[in-house]
Each structure stands twice: as structure tokens, then as C-alpha cells.
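A.B. asks: Have a look at this one.
The values are calculated or read from the model by the stated rules, or taken from the named source; none is laboratory data. Model, not experiment: these values are computed from the prediction. Cβ coordinates were reconstructed from backbone atoms using ideal geometry, including for glycine residues, and neighbour counts include every protein chain displayed. SASA here: full protein model, heavy atoms, side chains in, ligands and nucleic acids out. Shrake-Rupley method; radii C 1.70, N 1.55, O 1.52, S 1.80 Å.
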Amino acid sequence: MMMGKTLSNRARWGLGGLAVLILLPAGALLSGSPFLIGVVTRFLIYGLAAVSLDLVIGYGAMVSFGHAMFFGLGGYAVGIIAFHTAEAGPIFGWAGSNAALVVWPIALVVCALAGWVFGYLALRTRGVQFIMITLAFGQMVYFILVSLQFYGGDDGLMIPQRNVLPGINLESPMVFYYVCLTLLVLWTLLCIRVTNSRFGMVLQALRQSERRALNLGVAPTPYRLSAFVLSAVGTGLAGVLWANYAGLVTPDMAAWTKSGELMAIVILGGVGTLLGPIAGAAVFLGLEQLLSSLTEHWLLYMGPILVLVVLWGQKGLFGKLLETRHAD
């Protein structure tokens, strides 16, 4: 009974939020505030990255403090291909492409391979060591991107135009908004399906008691590594969308501060809820916009807010509403 109730609560809040997001562009235009479409597009992209991070933190108990490296790798894959297509000439004998159906899969494969390599190495550790090694890998990717002077170094790469989808004009802010919303919905549904599958049940069993799962014959590494790679792909997809949204990729996309932002979004929204991080992205970015308009030292105020959420709202701002797991 309780499980059915909590599931219906999550569905109710999810559908309500989706309805608001579908109608928002029309409301923005009618109210004479078209800039809101771009603002909310940003939070949709961050929401996609946060859902992906929640998959490993909330369901796999893998606290990754370097997940922004996949955000950066996805964006840079788009930027580097665009750079060679428009200016620098062939890359490895390939003239390049601006087609999203070509560029985006390449970027996701890059992120999947990076996720497999870094995940395989990181999963040889546990606890604080896992946090530190993911942080180290993230900073390694960041400094590699900084060192690529041919691709702009610290300044990054400008992307002259968005990728092209057949029959879809991604240059239109409203069209791009709905593409981001569609991908966020599809990815979230995929993650929910994964967590409710046998694979997800095993992953959660490993989170609750690895020793018990081992006694039942479960091999932890393949499950955790698969979840880590899937999370890397989702975060990379967010990086792909960000590169198209901003028209610019910089090494800061892979910095540890970006990983911290993503983790703060997950904590704000509710760890282990999947839908919570989407709302967390709206709250975090909304607070960022509000506080930064008041003072350049806005992080001094954001920090205490996060501390209060952790201390008095252990399941985040929306965890109680969206929680679907029984207490042990």
C-alpha cells in the first residue's frame, strides 16, 4: 500500500512538473519574457546531468566528485568536431560533420569509454578513496583540456553554429528547449526503468549490504561499473547539449567546482529520487541567479543554505515527496 502511494506521489509530481515545463515557453512569450526560455533550458541541461549523477550516488552509493569530466568531454567532443569541420580541416582523415546524428553519438561513445576506464580504476577503491580518485581523474581531464592550446587552452572553443537535426531547427530557442526537455524526459524514464529492473535491485542491494549481496553470489564490480558508465553517458549528453546551447566549450566544464555544483543540485533535490535533482537544478540555478544579482560573493550565502538543507532536510527539499524506497 505504502509503495503504491509513494509511486503515485512521484508520478503525480512528475507529471505536474512536466506539464509546467511543456507550457512554459508559451507563457514566457505571452508574458513578454522570452528570455525565460533560455534560462529554463539551462536548468534542463543541468537537470539531465544531475539525474545521471544521482544514479550512481543515490542507487549505487558511489560518491563521484569528478563527474564534471564527462560533462566537459561531451562538450569538447562537439566543439573539437565543429572546429575541424569549420576551420582546421580533417581530423584523422575525416572532414568532420555538423549532423547531430553523427556528432552526438561520437561524443557519447567517448564519454562511455572514459567512464569505463575511469570507473574500472576507481572501483578498485571504496569510500573516501573513491571520492578522491574520481576527483583526481576529473582534475586530470581538466588540466588536459587546459593544455590543449590548439583548441583554445583556457579560453576554450567557440562553436559557430548548433548541430543539425533533420527537420528540426535547433537554432530556434524554443525548438532547442523542447529537444532538451524531450531528452531529459526520455533519460529520466530510462533511469527509472533501470533502477526498477533486476539490475537496479542488485545495485541497491549492494548499497545496503555488500557482504549480504556477496553471500548471495553477486559480483559487485560489473553492476557498479555498468551504472557508472551509464551515468557517464548521461552526463556527457548534458555536455553535448550545453555546447550547443552556449556556443562555447571551456575547460571549466570539467573542473571540480562543476562537479561540486552537480553534487549540490542532487543533494538539494533529494538523493536517490531521480526526479528530485531536476527540481534541485531549478532551485540551485534560481538561487544562483538571485544571489549573484545581489552580490558578487553569492557563494558565501549559498554555502549556508546547502548546510541547512543537509542538516534539517536529510532527503533534500523534495526527497520526502518523491521517495520510493522503504526505510530499512
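A.B. asks: When the residues of the stretch 82-103 are narrowed to those that are under 13 Å from Pro166 (Cβ atoms) and assigned to a helix (DSSP H, G or I), which ends up most open to solvent (accessible area, probe 1.4 Å)?
C.D. replies: Filtering the stretch 82-103 for residues that are under 13 Å from Pro166 (Cβ atoms) and assigned to a helix (DSSP H, G or I), the one most open to solvent (accessible area, probe 1.4 Å) comes out as Leu101.
A.B. asks: Take the residues in the stretch 137-189 that are under 19 Å from the mean Cα position of the chain (by Cα) and within 19 Å of Ala99 (Cα to Cα); name whichever of them is surrounded by the most Cβ atoms within 10 Å (Cβ to Cβ).
C.D. replies: So the first thing to find is which residues in the stretch 137-189 are under 19 Å from the mean Cα position of the chain (by Cα), and the list is 137-139, 141-142, 176-189.
Narrowing further to those that are within 19 Å of Ala99 (Cα to Cα): 176-180, 182-183.
Numbers: Phe176: 22, Tyr177: 21, Tyr178: 17, Val179: 20, Cys180: 25, Thr182: 11, Leu183: 19.
Among those residues, the one meeting the criterion is Cys180.
A.B. asks: Have a look at Ile131, Ile106 and point out the one that is open to solvent by 40 Å² or more (accessible area, probe 1.4 Å), among the β-branched types (Val, Ile, Thr), part of a helix (DSSP H, G or I) and under 25 Å from Thr221 (Cα atoms).
C.D. replies: Numbers: Ile106 fails: under 25 Å from Thr221 (Cα atoms).
None of the others qualify; the one that does is Ile131.
A.B. asks: Okay, moving on. Of all residues in the stretch 158-215, which are more than 19 Å from Thr235 (Cα to Cα), in contact with a strand residue (DSSP E or B) (Cβ under 9 Å, 6 or more places away or on another chain) and β-branched (Val, Ile, Thr)?
C.D. replies: Ile159, Val164, Val175
A.B. asks: Considering only the stretch 269-314, state which residues are touching a Pro at 6+ places or on another chain (Cβ under 8 Å) and part of a helix (DSSP H, G or I). Walk me through it before giving the result.
C.D. replies: Going through the stretch 269-314, the residues touching a Pro at 6+ places or on another chain (Cβ under 8 Å) turn out to be 269-270.
Passing the criteria: only Gly269.
A.B. asks: Answer yes or no as to whether Pro25 is surrounded by fewer than 22 Cβ atoms within 10 Å (Cβ to Cβ), touching a helix residue (DSSP H, G or I) at 6+ places or on another chain (Cβ under 9 Å), within 29 Å of Arg193 (Cβ to Cβ) and at pLDDT below 95. If you could, list the steps in order and put the result at the bottom.
C.D. replies: Details: surrounded by fewer than 22 Cβ atoms within 10 Å (Cβ to Cβ): yes; touching a helix residue (DSSP H, G or I) at 6+ places or on another chain (Cβ under 9 Å): yes; within 29 Å of Arg193 (Cβ to Cβ): yes; at pLDDT below 95: yes.
In short, yes.
A.B. asks: Are any of the residues in the stretch 72-81 open to solvent by 10 Å² or more (accessible area, probe 1.4 Å), touching a helix residue (DSSP H, G or I) at 6+ places or on another chain (Cβ under 7 Å), aromatic (Phe, Trp, Tyr) and part of a helix (DSSP H, G or I)? Walk me through it before giving the result.
C.D. replies: In the first step, residues of the stretch 72-81 are kept if they are open to solvent by 10 Å² or more (accessible area, probe 1.4 Å); the result is 73, 77, 80-81.
Subset that is touching a helix residue (DSSP H, G or I) at 6+ places or on another chain (Cβ under 7 Å): 73, 77, 80-81.
Next cut, aromatic (Phe, Trp, Tyr) only: none.
No, the stretch 72-81 contains no residue that is open to solvent by 10 Å² or more (accessible area, probe 1.4 Å), touching a helix residue (DSSP H, G or I) at 6+ places or on another chain (Cβ under 7 Å), aromatic (Phe, Trp, Tyr) and part of a helix (DSSP H, G or I).
A.B. asks: Restrict the check to the stretch 5-19 and report whether at least one residue is open to solvent by less than 60 Å² (accessible area, probe 1.4 Å), within 20 Å of Leu165 (Cα to Cα) and either in contact with an Asp or Glu (Cβ under 7 Å, 6 or more places away or on another chain) or in contact (Cβ under 8 Å) with a residue 24 or more places away in the chain (or both). Full working, then the answer.
C.D. replies: Kept after step one, since they are open to solvent by less than 60 Å² (accessible area, probe 1.4 Å), are these residues of the stretch 5-19: 6, 8-11, 14, 16-19.
Adding the requirement that they be within 20 Å of Leu165 (Cα to Cα) leaves none.
The answer is no, given that none of the residues of the stretch 5-19 is open to solvent by less than 60 Å² (accessible area, probe 1.4 Å), within 20 Å of Leu165 (Cα to Cα) and either in contact with an Asp or Glu (Cβ under 7 Å, 6 or more places away or on another chain) or in contact (Cβ under 8 Å) with a residue 24 or more places away in the chain (or both).
A.B. asks: Hey, does the stretch 38-47 have a residue that's of a type in the set (S, T, N, Q) and either open to solvent by 60 Å² or more (accessible area, probe 1.4 Å) or in contact with a strand residue (DSSP E or B) (Cβ under 8 Å, 6 or more places away or on another chain) (or both)?
C.D. replies: Step one: of the stretch 38-47, the residues of a type in the set (S, T, N, Q) are 41.
When the remaining residues are screened for being either open to solvent by 60 Å² or more (accessible area, probe 1.4 Å) or in contact with a strand residue (DSSP E or B) (Cβ under 8 Å, 6 or more places away or on another chain) (or both), the result is none.
Checking the stretch 38-47: not a single residue is of a type in the set (S, T, N, Q) and either open to solvent by 60 Å² or more (accessible area, probe 1.4 Å) or in contact with a strand residue (DSSP E or B) (Cβ under 8 Å, 6 or more places away or on another chain) (or both).
A.B. asks: Do we find that Ser64 is of a type outside the set (A, V, I, L, M), in a loop (DSSP other than H, G, I, E, B), within 23 Å of Ile131 (Cα to Cα) and at pLDDT below 95 in this structure? Steps first, please.
C.D. replies: Details: of a type outside the set (A, V, I, L, M): yes; in a loop (DSSP other than H, G, I, E, B): yes; within 23 Å of Ile131 (Cα to Cα): yes; at pLDDT below 95: yes.
Here the answer is yes, as Ser64 does meet what is asked.
A.B. asks: Which residue, of Lys315, Lys320, Lys258, is at pLDDT 85 or above and not aliphatic (A, V, I, L, M)? Steps first, please.
C.D. replies: Values: Lys315 fails: at pLDDT 85 or above; Lys320 fails: at pLDDT 85 or above.
On inspection, the qualifying residue turns out to be Lys258.
A.B. asks: What are the residue pairs meeting all of these: first residue in the stretch 147-167, first residue on the phi > 0 side of the Ramachandran plot and in a helix (DSSP H, G or I), second residue surrounded by 15 or more Cβ atoms within 10 Å (Cβ to Cβ) and modelled with pLDDT of 95 or more, Cβ atoms under 9 Å, and 6 or more apart or on different chains?
C.D. replies: The qualifying pairs are Gly153/Leu145; Gly153/Val146; Gly153/Pro251.
A.B. asks: Sort out which residues of the stretch 165-182 are among the aliphatic types (A, V, I, L, M) and closer than 10 Å to Tyr245 by Cα, and write them in order of number.
C.D. replies: Restricting attention to the stretch 165-182, the residues satisfying the condition of being among the aliphatic types (A, V, I, L, M) are 165, 168, 170, 174-175, 179, 181.
Across the stretch 165-182, the qualifying residue is only Leu170.
Okay, residues lined up against (1) assigned to a helix (DSSP H, G or I); (2) closer than 25 Å to Leu24 by Cα; (3) among the small types (Gly, Ala, Ser):
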| site | (1), (2), (3) |
| --- | --- |
| Glu171 | no, yes, no |
| Val179 | yes, yes, no |
| Thr188 | yes, yes, no |
| Thr195 | yes, no, no |
| Met201 | yes, no, no |
| Gln204 | yes, no, no |
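A.B. asks: Please indicate, with yes or no, whether at least one residue in the stretch 186-204 is at positive phi and of a type outside the set (A, V, I, L, M, F, W, C). Explain how you work it out, then say what you get.
C.D. replies: Let us first name the residues in the stretch 186-204 that are at positive phi, namely none.
No: zero hits.
A.B. asks: Looking only at the stretch 233-268, which residues are open to solvent by less than 20 Å² (accessible area, probe 1.4 Å) and outside any helix (DSSP H, G or I)?
C.D. replies: Hits for the stretch 233-268 are Gly247, Val249, Ala255.
A.B. asks: Then there is this: Examine the stretch 205-216 for a residue that is more than 21 Å from Met158 (Cα to Cα) and crowded, with 20+ Cβ neighbours inside 10 Å, and state whether such a residue exists.
C.D. replies: Keep residues of the stretch 205-216 that are more than 21 Å from Met158 (Cα to Cα), which gives 205-216.
Next cut, crowded, with 20+ Cβ neighbours inside 10 Å only: 206.
Yes, that holds for at least one residue.
A.B. asks: Got a sec? Which of Ser172, Ser197 is without any contact (Cβ under 8 Å) to a residue 24 or more places away in the chain, of a type outside the set (A, V, I, L, M, F, W, C) and over 13 Å from Ala227 (Cβ atoms)?
C.D. replies: Values: Ser197 fails: over 13 Å from Ala227 (Cβ atoms).
Result: Ser172 is the single residue among Ser172, Ser197 that is without any contact (Cβ under 8 Å) to a residue 24 or more places away in the chain, of a type outside the set (A, V, I, L, M, F, W, C) and over 13 Å from Ala227 (Cβ atoms).
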